[in-house]
Amino acid sequence: MQKVSSALTLPLYGVAATRRLEQGAAAALAPHTLMQRAGLAAARLSLALAPHAQRFWVACGPGNNGGDGLEAAIHLHQWGKTVVVTWLGAKNGRQVPADALAALVRARTAGVPFAMTAPQDYDFAIDALLGLGAAPRPAVLPAKADQLGQWLVLLQASPLPVLALDIPSGLDADTGTVFAPESIAAYDRSIRTGARFCLSFLTLKPGLFTAAGRDRAGQVWWDDLGVTAPADLAPDAWLLGQERASASSRAEAAHASHKGSFGDVAVIGGASGAGTHMVGAALLAGRAALHAGAGRVFVALLGTPDMTVDPQQPELMFRSPAALDLKNQVVVCGCGGGEAIRGALPQVLSTAQALVLDADALNVISRDTQLQTQLLARQGRSWRTVLTPHPLEAARLLGSSTAAVQAKRLRAAQQLAAQFQCVVVLKGSGTVIAAPGSIPCINPTGNARLATAGTGDVLAGMLGATLAGGASALDAACSAVFQHGRLADHWTARHGGLPLTASGLAQNHQADLQ
């Protein structure tokens, strides 16, 4: 058993792959072995997480996830803890699986107390209501007035620690979306103060780390139950780790280096004029590129700018878009560009050999088929290209909706990567990095501090600097996204109660990652 951290890159397996692994292991082991191992692991982790807890509520569903909970309850009861099990039982003609039925018999034989209602007084709860077998259909979940709905609300709103077995009930293990009828969706708005944990069995699932998964799962643990995935079982995604996302340091560079050794970044954006002033976005990207290690950073403002120097960052060099050496610079295009970015895009797409497209550049491309054709043609020249959409921008590029993108974030990122034959960074909780023909990655770093204006511009600048250092498009995306989130994770330790701002994020890159 191990606590999942950002140190290692780990494989993520969806429901289908996990089922295949489970079936193979079950055929090779004695009956009920996997469930008994899962229950013992859950009981041990419960005590490790709450060593002083004495009263446990174990909420069990009718399937194998409930069987895992029953096995955990047996151990906790035998270890002298006060345990109350609520079990849904076989309802609506649904049969209890053989393993879960065996666990039920064992629990009753061991004298584990059962109740029809959730206890009013407990120290720790185990969520074993719904597992991988609960298909993401609204019909799976009953109305709030029914027992399952009531228990889901109580668990989600509980101010006490809750450990979910395998996945949090109601979470889609493949996508990280939550499936529940409107009648029990109210728990999303509940004030929740208790710690949340999840113990994933056999495999780690993608849905634990993207969309609603990170909030629902909380701190994730993993126990492979003594089963090793076969080499021919390909993961559905990778959870990005420090060793996969490590960025090169200037301290490691040759002594005879000069500023040209670290590449040039050109930022095109920051439109102004006619009541529009978005210069700040381009400056944030430029500052971030500089602090992330670029040798030289040029800023080309659009419209009618009156800025020739950045007093806070005088190292930035201002140029007109026409004066840029697009062929030999990494171009970061679109930060605060507005509609004015349209005029720059044809030459940028046809000339820049390393390119980050962000924000308004993506919005303009989504409405222009000729620009889309130019973007697709870049792959044939083996040029490096990274798109960095948030969900709405991704939806525009796909001709879809934000809800559809968020419902299947991995698929949306992969569709964009295939459509434009480039690397895609789909931003959000559990940012997804996808490349044509590659298994996508999910980033584990970052938090809600990044939900402030300008942090996306900072990411674009960091990406530009990483590309300027010579990384491939995919490696640059993985590294920049990981480090961007890591800065937010380390913010409080470095800055105390100071709120995270994009300008602070841009200028603290090197110091905060040492």
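The values are calculated or read from the model by the stated rules, or taken from the named source; none is laboratory data. Just so we're clear, the structure is a prediction, and the values are computed from it rather than from any experiment. Neighbour counts run over all protein chains shown; Cβ positions are idealised from the backbone, glycine included. The protein model used for the area step is the full one, side chains on, heavy atoms only, and it has no ligands, DNA or RNA in it. Shrake-Rupley method; radii C 1.70, N 1.55, O 1.52, S 1.80 Å.
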Subject >> Conditions (1) open to solvent by 20 Å² or more (accessible area, probe 1.4 Å); (2) modelled with pLDDT of 85 or more; (3) over 20 Å from SER438 (Cβ atoms): number failed by TRP238 >> reply: (3)
**OP:** Would you mention how many residues in the range 437-450 are within 14 Å of the chain's Cα centre (by Cα) and either over 20 Å from ASP174 (Cβ atoms) or among the aromatic types (Phe, Trp, Tyr) (or both)?
**Re:** 5
**OP:** Evaluate the range 366-383: report whether one residue or more is surrounded by 15 or more Cβ atoms within 10 Å (Cβ to Cβ), in contact with a strand residue (DSSP E or B) (Cβ under 8 Å, 6 or more places away or on another chain) and over 20 Å from GLY437 (Cβ atoms).
**Re:** no
Original post:
What are the pairs, 6+ residues apart or on separate chains, where a residue within the range 26-43 that is more than 15 Å from LEU104 (Cα to Cα) and among the basic types (Lys, Arg) has its Cβ under 6 Å from a residue that is open to solvent by less than 60 Å² (accessible area, probe 1.4 Å) and in a loop (DSSP other than H, G, I, E, B)?
Top reply: ARG37/LEU225
**OP:** Go over the candidates GLY504, GLY454 one by one and state the one that is of a type in the set (Gly, Ala, Ser) and touching a residue at least 40 places away in the same chain (Cβ under 8 Å).
**Re:** GLY454
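Any idea which residue in the range 246-263 is surrounded by the most Cβ atoms within 10 Å (Cβ to Cβ), counting only those that are part of a loop (DSSP other than H, G, I, E, B) and modelled with pLDDT of 70 or more? Give the derivation first.
Start the filter on the range 246-263 by keeping residues that are part of a loop (DSSP other than H, G, I, E, B), which leaves 246-249, 253-258, 263.
Still in the running and modelled with pLDDT of 70 or more: 246, 253-258, 263.
Details: SER246: 13, ALA253: 13, ALA254: 7, HIS255: 4, ALA256: 6, SER257: 11, HIS258: 8, GLY263: 23.
Checked the range 246-263; the qualifying residue surrounded by the most Cβ atoms within 10 Å (Cβ to Cβ) is GLY263.
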Subject >> Any chance GLY226 is open to solvent by less than 70 Å² (accessible area, probe 1.4 Å) and either in a helix (DSSP H, G or I) or among the hydroxyl-bearing types (Ser, Thr, Tyr) (or both) >> reply: no
**OP:** Assess whether PRO235 counts as being closer than 22 Å to ALA453 by Cα and out of contact with any helix residue (DSSP H, G or I) (no Cβ under 6 Å at 6 or more places or on another chain).
**Re:** no
